[in-house]
Amino acid sequence: MPAPVLLVIAHGSRDPRHAATVHALVRRVRALRPGVRVETGFLDFTIPSVPGVLESLAAEGVRDVVALPLLLTRAFHAKADIPAVLSEAPARLRIRQAEVLGPSPLLTAALERRLYEAGLAPVDKSSTGVVLASAGSTDPEAIAVIADIAEEWRRTGWRAVRPAFASASLPRTEDAVRELRALGCARVAVAPYVLAPGFLPDRIARGAAEADILSDVLGPAPEVARVLLHRYDAARIPALAAIGA
């Protein structure tokens, strides 16, 4: 019996860097698991659309699909938008919706990878304050998750870690940078907890103007690709509830 198709569902953006980064991540996932067919669909702005991919898969005779939200927290898109799109899929498809990517120790490892690539060294941890800068959400659950990640990450040896948000919530990145300066951190780094470039990551970058270090988005980091496959494997378990089964 063939493995279910992995459908990676990305938000989409008018910024072409977003789709390019998503496709680079998907290529890494394919390289890690060559026996699994991996497709990409976008909720908005970018083609192919999620409904279009699902129609194509059904027309080919595909039966089983794992739909994986390319999201870091369980907010509106994961709770409402994606289930609504999947509910309209062709009836012949058995679709399981996987969990969002975060939180995960692998994502924290990817954040550190990006900071070290930007110029920090492990010996800098105890004197460095980090801003964990996410896109932001109106969903209290998503905001609480970011705060928990920041606290857990601080316990790994950083001088301090403060959450910040590019939209919907406070504080903003620049305010968190100033707070860490006032705390007496020898250096301040901003770590974008986002998957791909776009409007909100650009806002994070502007807010990092007074920081010493700004790392890159998570993008196709190998740790991110591994999280995708972990979520895929968990969703394949027959005991889990399936959409449309």
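In degrees between 0 and 90, to the nearest 10, how far off the longest principal axis of the chain does helix 50-60 point, with axes built from Cα atoms?
30 degrees
By how many degrees, 0 to 90 and rounded to 10, does the Cα axis of helix 173-183 deviate from the longest principal axis of the chain?
40 degrees
If I stretch the segment between Asp202 and Phe45 completely, what's the gain in nm (0.36 nm per residue apart, minus their alpha carbon distance), one decimal?
Taking Asp202 through Phe45 to full extension adds about 54.7 nm, to one decimal.
Non-local amide H neighbours of Leu68 (under 5 Å, H modeled in plane, Pro and chain starts lacking H): which ones?
Counting only residues 5 or more places away or on other chains, the set is Leu7, Val8, Ile9, Ala98.
Along the Cα→Cβ direction, 7 angstrom out, place labels at Ala24 and Ala144. What is the inter-label distance in nm?
Between Ala24 and Ala144, the simple spin-label model gives 3.5 nm.
Taking amide H atoms as placed 1.01 Å from N in the peptide plane, list the residues 5 or more away in sequence, or in a different chain, whose amide H sits under 5 Å from that of Ser134.
Ala164, Phe165, Ala166, Tyr193
In the range 65-141, what GluC sites (Glu not before Pro) fall in a loop by DSSP, with at most 13 other Cβ atoms inside 10 Å? It would help to have the intermediate numbers written out before the result.
Details: sites: Glu88, Glu99, Glu112, Glu117, Glu141; in loops: Glu88, Glu99.
Sparse-neighbourhood loop GluC sites (Glu not before Pro): Glu88.
Given contacts defined as C-alpha pairs under 8 Å and at least six residues apart, what's the relative contact order of the range 63-131, whole-number percent? Before the final figure, lay out the partial values.
Details: 48 pairs, mean separation 27.1, N = 69.
Normalised by residue count, the contact order of the range 63-131 is 39 percent.
According to a simple spin-label model (label point 7 Å from Cα along Cα-to-Cβ), what is the distance in nm between Ala84 and Leu170?
Here the answer is 3.0 nm between the modelled labels.
Taking a ≥ b ≥ c as the square roots of the Cα gyration tensor eigenvalues, with a/c under 1.5 meaning rounded and otherwise prolate when a/b beats b/c, else oblate, which class fits the range 16-69?
Because a/c hits 1.5 or more and a/b fails to exceed b/c, the range 16-69 counts as oblate.
In whole Å, how far is the Cα centre of the range 131-204 from that of the range 59-129?
Measuring centre to centre over Cα atoms gives 18 Å.
Considering every Cα-Cα pair within the chain, what fraction, in whole percent, is farther apart than 22 Å?
Result for the distance tail: 53 percent.
Picking from Val161, Val26, Ser127, whose Cα lies most toward the positive end of the charge dipole for the chain (charges on Cβ: Lys, Arg +1; Asp, Glu -1)?
Val26
Could you give the dipole magnitude of the range 127-172 about its Cα centre, charging the beta-carbon of Lys and Arg +1 and that of Asp and Glu -1, in debye to the nearest 20?
320 debye
Return the calculated 222 nm mean residue ellipticity for the chain, to the nearest 500 deg cm²/dmol, obtained by summing -39500 (n - 2.57) across DSSP H runs with n ≥ 4 and dividing by the residue count.
-12500 deg cm²/dmol
Quick one: helix 16-32 against the long Cα principal axis of the chain, what's the angle to the nearest 10°, folded into 0 to 90?
Its long axis makes an angle of about 70 degrees.
State the antiparallel share, in %, of DSSP beta bridges confined to the chain, rounding to the nearest 5.
5 percent
On the protein heavy atoms, probe 1.4 angstrom, tell me the percent of accessible surface of the chain carried by carbon and sulfur.
Looking at the chain in its full context, I get 55 percent from C and S.
Taking 8 Å as the Cα distance limit and 6 or more residues as the minimum spacing, I'd like the relative contact order of the chain as a percentage. Write out the running numbers ahead of the final one.
On the way: 486 pairs, mean separation 59.2, N = 245.
The value is 24 percent.
Using a simple charge model, +1 on the beta-carbon of Lys and Arg, -1 on the beta-carbon of Asp and Glu, nothing else, what dipole does the chain show about its Cα centre, in debye to the nearest 20? Please report the intermediate quantities before stating the final value.
Numbers: 29 positive and 26 negative charges, 95 e Å.
Once rounded to the nearest 20, the dipole reads 460 debye.
Given an 8 Å cut-off on Cα distances and at least 6 residues of separation, report the relative contact order of the range 126-203 as a percent.
Details: 138 pairs, mean separation 33.2, N = 78.
Relative CO of the range 126-203 lands at 43 percent.
Restricting attention to the range 78-186, which trypsin sites (Lys or Arg not before Pro) occupy a DSSP loop and are surrounded by at most 14 other Cβ atoms within 10 Å?
Within the range 78-186, the qualifying trypsin sites (Lys or Arg not before Pro) (loop, at most 14 other Cβ atoms within 10 Å) are Arg92, Arg155.
Lys/Arg Cβ at +1, Asp/Glu Cβ at -1, dipole of the range 1-150 taken about the Cα centre: which of Ala67, Ala84, Gly35 is farthest positive-ward?
Going by the charge dipole, the pick is Gly35.
Of Ala208, Pro192, Thr138, which is farthest towards the positive pole of the chain's charge dipole, taken about the Cα centre with +1 and -1 on the beta-carbons of Lys, Arg and Asp, Glu respectively?
Positive-end residue among those listed: Pro192.
Tell me the per residue accessible area of the range 98-245 using a 1.4 Å probe; a whole number in Å² is fine.
Accessible area per residue: 43 Å².
Answer rounded, prolate or oblate for the range 158-245, using the Cα gyration tensor with square roots of eigenvalues a ≥ b ≥ c: rounded when a/c is under 1.5, else prolate when a/b is larger than b/c, else oblate.
prolate
The values are calculated or read from the model by the stated rules, or taken from the named source; none is laboratory data. Predicted, not measured: the structure shown is a model, and the values here were computed from it. Ideal geometry is used to build each Cβ from the backbone, glycine not excepted, and the neighbour counts take in all protein chains shown. Surface areas here come from the heavy atoms of the whole protein model, side chains and all, with no ligands, DNA or RNA. Shrake-Rupley method; radii C 1.70, N 1.55, O 1.52, S 1.80 Å.
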